[in-house]
Amino acid sequence: MRILVVEDEPKVGRALREGLQAEDYDVTLAPTGEEGFFLASSQPFDLIVLDILLPGRDGVEILSTLRKRGMRIPVLMLTAKDAIEDRVAGLDAGADDYLVKPFAFAELSARIRALLRRGKPESPVPLRIDTLEMDLVTRTVSRDGQRIDLTAREFDLLEFLVRNKGRVVSREMLAREVWKETSRATPIDNVIDVHVARLRRKVDDQSRRKLVHTVRGVGFTVREEE
Amino acid sequence: MSAFGRLSIRGRLTLLYVALLSLVLVLYAGGAAAFLLRNLREQLDHRLNEDVETIEGLLALDNNGHIHLMTENLDEDARDFQPHFLEAWSGTGSVLYRSPQLGEGDLGAPPTPAGNPGSIGQRSIRLADGTRVRIVGRRHSINGTPVRLRLGLSEEPLWREFWELVSALAIGLPIALLLIGSTGYVVARRALRPLDSMAKRAEKITAERLGERLPIGNPNDELGHLGRVFNETLGRLERSFDQLRRFTADASHELRTPLTAIRSVGEVSLQRTGDAEYYRDIVGSMLEEANRLTRLVDSLLTMSRADAGRIQLQYSEFPLLDLAKEAASVIEVLAEEKNQNMSVEGDHGVVVRGDRLILRQALINLLDNAVKYSPESGRIEIRVGSDVGEAFVDVRDSGPGIPAEHRSKVFERFYRVDESIQGGGWGRSWAVNFGVGGPCSWGAS
């Protein structure tokens, strides 16, 4: 999968390139709007990550020109200004999704996956990891064949973590996807932490191999320990 | 912009009413002159008619068929008939008599026989030498012979009188206008003088010196009104500038804390060597502070947008108890961790209209605080009800409460009572009132 990243801030650009390369994408970095536009119109990409504030030609302008030329590839817009008008302008110009800076990398990578998957049937993820098994129909969970009692919230939390197994999810993503909190300002980090701690007790305490891990400063992940 | 537009207001005002006044005066003078002319003509015509009758009696036909004017019969007073212009025509169009004053001239073309309307009645003509003459035509018969008479009187005295009036007006009018104009200018300048002093004062007002106010002469006139409105605007500006200053100071203070943490954690970790786990921990700790910064910037942005009135509230109607239960269910888990007892009760019938998301956020914040500041095994009671048309959510916790001297500041942003204050018992009570715009008040017990 080839991704074009148009970002003028060198540190951010390099970090995005490295992070996405680590996820096995083929990343090209364009530090200016002009270069980004040139690359986008001359080479095939599967997705473009486009900063809205660029020196010279800004993101909205580039995007609307690309769209006018009939380019259909998914575009993820990065905006520094948390203003409704910006979003409207970006979406009007033809962005498929937008992310407000500063964002968590986990969030960016999740959005990119969603955009690349768009339109294709979702490959069934077996909700199973190590000896943990989830049944979405009966909403039951078992570890080592032993049934675990989870509250509804804990079940949703575990489901989200297992669906994203191997990847780090931020508290913000959990707040939005599991708690359905749309605003970043609602302080439920403590709430999330308590739920994760309880979940960890129920899932991992009886087992030697831990599944639920905290990545300090970033979020949580479910993975098998190496 | 035209030359008129470049003038000052008082200049324009003066010019305008001088122009208007000139128009009125010229019309008036013209009317008066025309009226005078008509009156004088009427008098002249009246005299002509009288004179023609007198003259008819003085005419006599001699044997040669010539007409004579028998002025010798007249008394002394009437002798000055002499300057009259007189013509007598026969029915066939030959001149029977022409007064000597006319010389070689005449009083117009020969009258046509019977019924030429131009030859009967009054009209004004001009003689060959330029003298304007008013003439009257008459049919007459002397001893049975039909005769046409034309009697003329000079109009010159009449015109002289007319022009005298016109010239008197022409001299007086500009003087009057000049007088009125200059008086008007002075009056306008005096009336607008407060504007000058207001402008002078306004020049001194800057963002740093918003305390200045415009001087107000007469608060009841238009300028006073303007000044008052301007002063009120200045007051509002001053308040919002103060707010902005406070906001900037608060914001930089709040941002400094996580920034300092990031910096010192980074610096200290670079001074020693550790293993990967150590650095992972350091980076994680710095990221935690970065998250704090992100959240702070977010809320600062929200606040400044709210201050600017750019937040659109999404109104809907919903039962308040549902909202309270929802907020409590989110926070409940925190209370459980501290063995606190959180209860929600109230009237399900209390329906409010407001922005559900924002109210939910406010309530979650409030409950989060209640849990944070209540001791282990404390109680948090949430009660929903209504009082005289106002719905309320009453949150009672068992925290230390807010000391009386801090209560007025509770709604200030970033405000936090010194955390070292400890106390016990039934501490804080909050009542958040949701009106239409969501006025917020609280009571303490």
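Only the coordinates and a few stated rules stand behind these numbers; no lab work does. The structure displayed is predicted, hence computed values, not measured ones. Every residue, glycine among them, receives a Cβ derived from its backbone with ideal geometry; neighbour counts consider all protein chains shown.
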For A:V215, other-chain or 5+-apart residues with amide H closer than 5 Å (H placed, Pro excluded) are A:F220, A:T221
Within region A:115-188, trypsin sites (Lys or Arg not before Pro) in DSSP loop having at most 13 other beta-carbon neighbours inside 10 Å
A:R118, A:R139, A:K180
Run through region B:209-309 and list the trypsin sites (Lys or Arg not before Pro) located in a DSSP loop whose Cβ has at most 11 other Cβ atoms within 10 Å.
B:R272
Step through the residues of region B:268-277 one at a time and calculate ³J(HN,Hα) from phi using the Karplus curve (6.51 cos²θ - 1.76 cosθ + 1.60, θ = phi - 60°), rounding each to whole Hz and writing x for Gly and Pro.
5, 5, 6, 7, 10, 9, x, 8, 4, 4
How high is the FRET efficiency from A:R201 to B:D298, r the C-beta distance, R0 30 Å, rounded to 0.05?
0.40
Tell me the Rg and the Dmax, in Å, that the Cα atoms of the protein assembly as shown produce.
52.0, 170
With a Förster distance of 35 angstrom and the Cβ-Cβ distance between B:E161 and B:A60, calculated FRET efficiency to the nearest 0.05 equals 0.45
If a/c stays under 1.5 just call it rounded; otherwise compare a/b with b/c (prolate if a/b is bigger, oblate if not). Do that for region B:304-365, with a ≥ b ≥ c from the square roots of the Cα gyration tensor eigenvalues.
oblate
Please list, in chain and number order, the residues 5+ apart from A:D97 or on another chain whose amide H is under 5 Å from its amide H, with Hs placed from the backbone.
A:V75, A:M77
Amide H to amide H under 5 Å from B:R379: which residues, 5+ apart in sequence or cross-chain, H placed 1.01 Å off N in plane?
B:N341, B:S398
Note down the net charge around B:V350, summing +1 for each Lys or Arg and -1 for each Asp or Glu among other residues with Cβ under 15 Å from its Cβ.
-4
Give me a comma-separated list of calculated 3J(HN,Hα) values for region B:7-16, in order, Karplus coefficients 6.51, -1.76, 1.60 applied at θ = phi - 60°, integers in Hz, x for any Gly or Pro.
6, 6, 4, 5, x, 5, 4, 4, 4, 4
Using the charge dipole of the protein assembly as shown (Lys, Arg: +1 at Cβ; Asp, Glu: -1 at Cβ; taken about the Cα centre), state which of A:L29, B:L359, B:L15 has its Cα farthest towards the positive end.
A:L29
Entries in A:K120/B:K325; A:K120/A:K180; A:K101/A:K180; A:K165/B:K325; B:K325/B:K372 that, when Cα-Cα distance is taken, lie over 30 Å:
A:K120/B:K325; A:K165/B:K325
Summing +1 per Lys or Arg and -1 per Asp or Glu among the other residues with Cβ less than 12 Å from B:A33's Cβ gives -1
Where the centroid of each part is defined by its Cα atoms, how far is region A:153-203 from region B:257-312 in Å?
21
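Can you tally the net charge around B:L44? Count Lys and Arg as +1, Asp and Glu as -1, for every other residue whose Cβ sits under 9 Å from the Cβ of B:L44. Could the numbers behind the result be given before it?
Working: positive: B:R41, B:R47, B:R134; negative: B:E42, B:D45, B:E155.
Cβ neighbours under 9 Å give a net charge of 0.
To check you understand DSSP bridge types, tell me what percent of the beta bridges within the protein assembly as shown (both residues inside) are antiparallel, rounded to 5. Display every interim value, and only then the final one.
Values: 62 of 85 bridges.
Here the antiparallel bridges make up roughly 75 percent for the protein assembly as shown.
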